Amino acid sequence: MIKILTIIGARPQIIKAAAVSRAIRNKFKNKINEVVVHTGQHYDNNMSQVFFDEMNIPKPCYNLNVGSDTHGKQTAAMLAGTEKILLKEKPKCILTYGDTNSTLASAVAATKLHIPVVHIEAGLRSFNKKMPEEINRITCDHASTLLFSPTLTGIKNLINEGFNPNNKPPFTIDNPKFFHCGDVMYDNTLYFAGVAEKKISILKKNNLRQNQYILATIHRDNNTDIPERLCAIFGAMNKISKHENIDIIIPLHPRTSKLMKKNLSAEIYDSIKNNKHIKIIPPVSFLEMLILEKHSKLIMTDSGGVQKESFFLKKPCIILRSETEWKELVEAGTCIVTDANEKNILNAYKYFKSAKKLKYPDIFGDGKAAEFICKEIIKAFS
């Protein structure tokens, strides 16, 4: 039996971990013992606990309860807390996801103790090192023993950074192995798509008509903390909703909620508050989000995960960032990068409004990425 320590902290990681935990439970329970550690990076009930309940993820054996803080303090607290657990549990490896501070802290803590790191969503690059996430994902990749990339672009990025595709076992941090495995988020979308229909009432609750509203999410500090950028995003949404007579629903991230009044101009803030088409609601569960995505007309987001989900569910997407690590989505023509630029956002909306049928090529695997990952972990650490 292989003991693995799964490190999660942010909402997207909890969702991704559900796919691997489900694969372990259904097919590998006699070979893998999973110990779940929650760093507490997302500590709000709507941002965390509801996902464990809804997606049947094993209850965390540990919760560091780190909460929100500056990047340095938050990462340091996670590193110290994770180190204590690693010393106690002595796992064969740790499993970490994506590009958050939880990812960085757990990878550094494990590496210092010579415990192999398994990184899921390896190889993704925005090529913007001003993004904290870019530093986190690069550092984690170069500290990992097994790297699982959801896309061929990720594989190319790793090769360009010096990873050797011809490495032979045994695999170590100095002799790592990387794999193109497909996307665990795609696994989840396929698995939960039918189950999510139980949450269809969220549409009626918010007076939304199927395929006649826009879903928007805004959470990155690069957008929420800079008044000019936040004003550009909300200004564009305000104009689109009024000119097109279309509802925009925004499950509002706690960070954005706190900063709206402070960082929006008085004119835009008042206009948003008095706009009957702008529907601001608290964060929603994973299944509710699937419903909102599945029945929307278009999605606007600065979230990497929501970009992918738009593709899985065949919805056009406006990316409210200057770049994306999911280059394939832009190349397919289903997503447009606008940055926090009002004119670009309005133009992207006009394009999708008049665009002919978009094509969504099969680039994220077969829905069995989690099973593939588990098999390779067993092969490497048995």
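We did not get these values from a lab; they are worked out from the coordinates using the rules stated. Just so we're clear, the structure is a prediction, and the values are computed from it rather than from any experiment. Note that each Cβ is placed from the backbone with ideal geometry, even for glycine, and that neighbours are counted across all protein chains shown.
Assorted remarks:
- Straight-line cross-link partners of residue 204 among the lysines, defined as a Cα under 23 Å from its Cα and at least 8 positions apart when in the same chain: 242, 273, 276, 279, 294, 297, 314, 315.
- Antiparallel content of DSSP bridges confined to the chain, in %, to 5: 0
- Distance between the modelled labels on residue 343 and residue 262, one decimal in nanometres: 3.1 nm (7 Å Cα→Cβ projection).
- Per-residue Cβ neighbour rank within 10 angstrom, fewest leading, 108, 184: 108, 184
- The packing ranking, built from the mean of other Cβ atoms within 10 Å per residue, places the peptides 229-235, 280-286 in the order 229-235, 280-286, highest first.
- Full extension of the chain segment joining residue 382 with residue 226 gains 51.3 nm, where the gain is 0.36 nm per residue of separation less the Cα-Cα distance.
- Extension gain, residue 128 to residue 30, is 31.1 nm, computed as 0.36 nm per intervening residue step minus the present C-alpha separation.
- For the stretch 277-352, the ratio of Cα radius of gyration to the globular rule of thumb 2.2 N^0.38 Å stands at 1.06.
- Set of aspartates and glutamates with alpha-carbon distance to residue 205 below 16 Å, sequence-local pairs under 8 removed: 197, 247, 288, 293
- For the chain, built as a Gaussian network whose Cα springs stay under 10 Å, the top-fluctuating residue of 185, 55, 300: 55
- Highest to lowest packing among 246-259, 154-167, 307-320, scored as the average C-beta count within 10 Å: 307-320, 246-259, 154-167
- In a fully extended conformation the segment linking residue 281 and residue 56 would gain 78.5 nm over its present Cα-Cα distance, using 0.36 nm per residue.
- Take each peptide in 365-376, 112-123, 191-202, count the other Cβ atoms within 10 Å of every residue, and average; sorted highest first, the result is 112-123, 365-376, 191-202.
- Taking the alpha carbon gyration tensor of the stretch 321-382, multiplying each eigenvalue by 5 and rooting it gives semi-axes of 36, 15, 7 Å, largest first.
- Take the Cα of residue 356, step 7 Å toward its Cβ, do the same at residue 206, and the gap between the two points is 3.3 nm.
- In order along the stretch 368-382, the phi-based Karplus estimate (6.51 cos²θ - 1.76 cosθ + 1.60, θ = phi - 60°) of 3J(HN,Hα) comes to 10, 4, 4, 5, 4, 4, 4, 4, 6, 5, 4, 5, 7, 10, 6 Hz; Gly and Pro are listed as x.
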